[in-house]
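Comments concern the structure below.
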Amino acid sequence: MPTATDREPADSLGSQMLCCKSIDKLIADADEPGHRLEKKLGPWSLTALGIGAIIGSGIFVLTGTAAAGEHFEAPSILHAQVLDLLVNLLRTGSTAGALMHGRPAAGPSIAISFLLVAVACSFAGLCYAELASMIPIAGSAYTYSYATLGEIFAWIIGWDLILEYVVSNVAVAVGFSGYSKAQLAAFGINLPEKWASPVWASGHWTGAYFNLPGFLIVFLLTLLLVRGVRESAEANNVMVLIKIGAILTFLVVGGMLVKPANWTPFAPSGFAGIVTGGAIVFFTYIGFDSVSTAAEECRTPQRDLPFGIIASLIVCTLLYVGVAVVLLGMLKYTNFVSGEAAEAPVAYALKVLGAHPFYRSIIVVGALMGMISSLLVFQYGQARIWYAMSRDGLLPKLFSAVHPRFKTPHWSTWIACFAVGIPAGMVDIGDAADLSNIGTLFAFTLVSLGVIFLRRRQPDRPRTFRVPFVPWFPLISVVLCGGLMTGLTVITWIRFVVWLAIGLMIYFFYSRHNSEFAKRAS
């Protein structure tokens, strides 16, 4: 495969598409005046970024659902899981059975599910850690793909990451608006529905004018992000501490309400329940890759990036397991099947068991901080990916402009604000949020393959962190991520393919003519 190590121009479209940008050139470009970001972040700030991205409100919501199991009928084949369709087609010659979808209850063994998922995520996390330490450049999986797989793969993954970050944050912003509106109503403060609800939701017009809280939270975080990376990191550190404080409060208060009898049976559905429970909670771990987007603003990236990625995974696993053990000890897992218990299991358990309202309020604050910190980190990461793509010529140069005073990619940050804030004010994307999951898994797959390619092409290049047992660990990551992608719905795959098709049109009509390789060939 052609590389850019010796900087030869691409002599054809095919060779340009497969050209890889040298790691040395990537690092040199990052130090160019006018494109240089300030190096302000240390290992603990990076760890806090990872925790801020990984732990949202899901820790207070999803644990009960995964423990109780679920059962529903998909409205059409488009909403059935790809894997279910294939299995039913091979087994019965029909896809009809795939519409009946269910997952057996994991019960208290959901704690084991969290551990198994952490192990599964760690394979991809190790791959990110190796490449982040070798290529300490903003752009995450996009940059790694440019250095290992070629320009066309870099564009595809960059375009994929744009989708992942935008869709994820639109969903979180809409969720924040709904959650905060409900909590304010509990205190007698009622926001006007026409200015605090999406204009379009569940396939119909709602009569609302604009979801102002969803837009405002994104706008306020953008002001902070433009102001500086240190200020943003410090704000995230505070929110993460509040969030962890809320979780620890629940562990202490809830721990005193535990009845060991509720842990029996520990695994009501056996190993099948543990595995399917893991499939539900897997996506609560997504977000550790956002640490790698901070590479250029890290003081000692070769050491601190692997630390931040791995430490955030470890801390979040301990918190997830702790919440699962305590929550399923407070109430029998069968209580969380539906209703308020399924929608807010942690708050429900505290209320039913007579915990003081003060402690329930702490959980509410923790959930809100979880949403806000996730928004902050993903908006930060999104702007850095656009910045990296622009610096390579694949997006307009406006995206890589750096503020002369704050040293942040201010135009990228503001564009990201409106790309998320306006849709959050207009629509509730509902099941389209799965696009974030498929985009993340696709990125994990390419990063894992990138480790294998780079080990073969540049085996002697210094690596401060090395994935053990290459190629087996990266291949395990590829298999796990590919398997989870088949668990997503048909309509999610269709939307993903359509998005990639649009991206390829932009690449062929604009990006390939403006990339570094095209300019050197002209």
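What fraction of the DSSP beta bridges in the chain is antiparallel, stated in percent and rounded to the nearest 5? Given both bridge residues lie in the chain, the antiparallel proportion sits at roughly 75 percent. For LEU398 and ARG461, what is the calculated FRET efficiency with R₀ set at 35 Å and r taken between the beta-carbons, to the nearest 0.05? E(calc), rounded to 0.05, equals 0.55.
Arrange the following residues from fewest to most other Cβ atoms within 10 Å of their Cβ: ARG466, ARG455.
Ranked by crowding around the Cβ, least crowded first: ARG466, ARG455.
Residue separation of ARG91 and VAL365 scaled by 0.36 nm, minus their Cα-Cα distance, works out to 93.8 nm of gained length. With N the number of residues in the chain, Rg(Cα) / (2.2 N^0.38 Å) evaluates to 0.96.
Taking 0.36 nm per residue of sequence separation and removing the Cα-Cα distance, the SER202/ILE77 pair yields an extension gain of 43.2 nm.
Can you compute the charge dipole magnitude of the chain about its Cα centre, using +1 on each Lys and Arg Cβ and -1 on each Asp and Glu Cβ, nothing else charged? Give it in debye, rounded to the nearest 20. Each step should come with its number before you reach the end.
Values: 34 positive and 30 negative charges, 145 e Å.
With Lys and Arg at +1 and Asp and Glu at -1, about 700 debye.
Taking chymotrypsin sites (Phe, Trp or Tyr not before Pro) across the range 393-474, the ones in a DSSP loop with at most 13 further Cβ atoms lying within 10 angstrom of their Cβ are PHE469.
Distances between placed amide hydrogens fall under 5 Å for GLU70 paired with ARG103, all partners being 5 or more residues away or on another chain.
Residues TYR285, TYR179, TYR209, ranked from the fewest to the most other C-beta atoms within 10 Å, line up as TYR209, TYR179, TYR285.
Here the 3J(HN,Hα) profile of the range 183-189, calculated from phi with Karplus coefficients 6.51, -1.76 and 1.60 at θ = phi - 60°, is 6, 5, 4, 5, 9, x, 9 Hz, Gly and Pro shown as x. Quick one: Cα centre-to-centre distance for the range 482-518 and the range 321-400, in angstrom? Rounded to whole Å, the Cα centres lie 28 Å apart.
Near the amide H of VAL427, within less than 5 Å, lie the amide hydrogens of VAL199, TRP200, all on another chain or at least 5 residues away, with H placed in the peptide plane. Computed from backbone phi with θ = phi - 60° and the Karplus coefficients 6.51, -1.76 and 1.60, the 3J(HN,Hα) list for the range 380-385 is 4, x, 4, 4, 5, 5 Hz; x is used for glycine and proline.
For ALA80, the residues whose amide H sits under 5 Å from its own are VAL490, ILE491, ignoring neighbours fewer than 5 places away on the same chain, with H placed 1.01 Å from N. Phi-derived couplings, Karplus 6.51 cos²θ - 1.76 cosθ + 1.60 at θ = phi - 60°, listed residue by residue for the range 342-352: 7, 6, 9, x, 5, 5, 4, 4, 5, 5, 4 Hz, with x used for Gly and Pro. The range 279-297 and the range 123-196 have Cα centres lying 9 Å from one another. Fewest-first ordering of PHE219, PHE358 by other beta carbons within 10 Å of each residue's beta carbon gives PHE358, PHE219. Summing +1 for each Lys or Arg and -1 for each Asp or Glu among the other residues whose beta-carbon sits under 11 angstrom from that of PHE465 gives +1.
If each residue of separation counts as 0.36 nm, what is the full-extension length gain between TYR510 and LYS351 once their alpha-carbon separation is subtracted? Show your work: numbers first, answer last.
Working: separation 159, 0.36 × 159 = 57.24 nm, distance 5.67 nm.
Roughly 51.6 nm would be gained on extension.
When the listed pairs LYS243/LYS351; LYS25/LYS407; LYS181/LYS407; LYS194/LYS397; LYS181/LYS351; LYS194/LYS351 are checked against a 28 Å cut-off, the alpha-carbon distance exceeds it for LYS181/LYS407; LYS194/LYS397; LYS194/LYS351.
None of the figures in this text is laboratory data; all of them are computed from the coordinates on show. All figures in this text were calculated on a predicted structure; none of them were measured in a lab. Backbone-built Cβ (ideal geometry, glycine too); neighbour counts: all protein chains shown.
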